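Novice: Here it is: the structure, laid out below.
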Amino acid sequence: MRIVLTAGAAPRLESAKDFKRFSIALEATLTAERSAAVAPVAELEDADHAWVRPDAIRAISPFAGQPDWENGFAAMVGFAVKHGWVDTQGRIRAHIETIEALPPVDADAFRQAMRRFASGVCIVAAGDGEARCGMTVSAFSSVSAEPPIVLVCLNRRAAAHACVTSAPSFSINILRADQTEEAMLFAGQRVRHGAARFDHDWEAGDHGAPLLKTALQSLTCTSLAQHEAGSHTVLIGRVVSVTAGSPDAALVNYDGALGRFDRAS
């Protein structure tokens, strides 16, 4: 396994089930500040080595807690102990290798490319009463059917970001083709803001998150995990209830415009 540290991104674990190798890959742009760069996962020993905390490895491993992974990880640590690569604090010694930074992609070109991806439009909502909050999003995806898990990407600059990410539950309300006004309202493009945007079409769900009664479909989720990625937070939720609406056409975002997508005949 290899811990990859790159500028502007959270640490990630590469080849998490490969217990026969262990290292830190440090982007070349970070080598001038090695100590600060490795600090989220380790303490620098010298220019070429660092002491990595086992809890930091578990925090970034997608398989942490699974018996097979835990057994393999324990065997790797045991091997390191025999060779003197574990210190008195239980930290594992890792070699630091330098990797070249990927060439940058023009931000405008990237945005233009993503505009070509047609996607549904949702309102993510959380809170109760005057503390209700919500935001319009298009970055929403199913992760797993068993158990039912979804993810949604939230701009950290959005006014509702802190409210949604701190709530124990949140709803994802998939909009109908005729709900452009609702999409614009929760995108901050109208005069009403905050809890004032929640009118009679909204109701309190059984799990505490507000639900849009007129949506195509509403999913209520409990928060499973959050990951910072660039300008956004990837919020992962376990679906705890599904509320079906009418089988109408869907609202779709394509090339910066909202349009209609009808059901297949």
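Novice: Distances longer than 32 Å among the Cα atoms of the chain: what percent of all pairs is that?
Specialist: 39
Novice: Would you work out if the range 107-261 is rounded, prolate or oblate? Take a ≥ b ≥ c from the square roots of the eigenvalues of the alpha-carbon gyration tensor; rounded if a/c is under 1.5, else prolate when a/b is larger than b/c, oblate otherwise.
Specialist: rounded
Novice: Under a GNM of the chain (C-alpha, springs under 10 Å), which listed residue has the highest mean-square fluctuation: Glu146, Glu130, Glu182?
Specialist: Greatest mean-square fluctuation among the candidates belongs to Glu146.
Novice: While we're here: If you rank Leu235, Leu5 by fewest surrounding Cβ atoms within 10 Å, what's the result?
Specialist: Leu5, Leu235
Novice: Here's another thing I want to ask about it. Springs between alpha-carbon pairs under 10 angstrom, Gaussian network model over the chain: which of Gln66, Gln189, Gln179 fluctuates most?
Specialist: Judging by the Gaussian network model, the answer is Gln66.
Novice: Scan the chain and report its longest stretch carrying no trypsin sites (Lys or Arg not before Pro) that are both in a DSSP loop and have at most 16 other Cβ atoms within 10 Å.
Specialist: Of all site-free stretches, the longest is 22-115.
Novice: Which of the cysteines found in the chain have nothing to pair with, since no other Cys Cβ lies under 4.7 Å from theirs?
Specialist: Unpaired cysteines in the chain: Cys122, Cys153, Cys221.
Novice: Please give the calculated 222 nm ellipticity per residue for the chain, where each DSSP H segment of at least 4 residues contributes -39500 (n - 2.57) and the sum is spread over every residue; nearest 500 deg cm²/dmol?
Specialist: -5000 deg cm²/dmol
Novice: Give the angle, between 0 and 90 degrees and rounded to the nearest 10, that separates the Cα long axis of helix 67-82 from the longest principal axis of the Cα atoms of the chain.
Specialist: Tilt of helix 67-82: around 20 degrees.
Novice: Quote to one decimal, in nm, the extra length available between Glu45 and Val143 on full extension: 0.36 nm per residue of separation minus the C-alpha distance between them.
Specialist: 31.4 nm
Novice: Moving to a separate point now. What's the magnitude of the charge dipole for the chain around its Cα centre, counting Lys and Arg as +1 and Asp and Glu as -1 at the beta-carbon? Answer in Debye, nearest 20.
Specialist: Computed charge dipole of the chain: roughly 140 debye.
Novice: For the range 2-99, take every pair of Cα atoms, bin their distances at 5 Å starting from 0, and report each bin as a whole percent.
Specialist: The distribution over the range 2-99 is 2, 14, 26, 26, 19, 10, 3, 0, given as percents.
Novice: Arrange the following residues from fewest to most other Cβ atoms within 10 Å of their Cβ: Val240, Val81.
Specialist: The order, fewest Cβ neighbours first, is Val81, Val240.
Novice: Under a Cβ-only charge scheme (Lys and Arg +1, Asp and Glu -1), can you give me the dipole magnitude of the range 107-261 about the Cα centre, in debye to the nearest 20?
Specialist: 420
Novice: Here's another thing I want to ask about it. Among Val164, Asn71, Val239, whose Cα sits farthest toward the positive end of the charge dipole of the chain (+1 at Cβ of Lys/Arg, -1 at Cβ of Asp/Glu, about the Cα centre)?
Specialist: Sorting the options by dipole projection puts first Val239.
We did not get these values from a lab; they are worked out from the coordinates using the rules stated. Not measured: the values here are computed from a predicted model. Please note: Cβ atoms are built from the backbone with ideal geometry, for glycine as well, and neighbour counts cover all protein chains shown.
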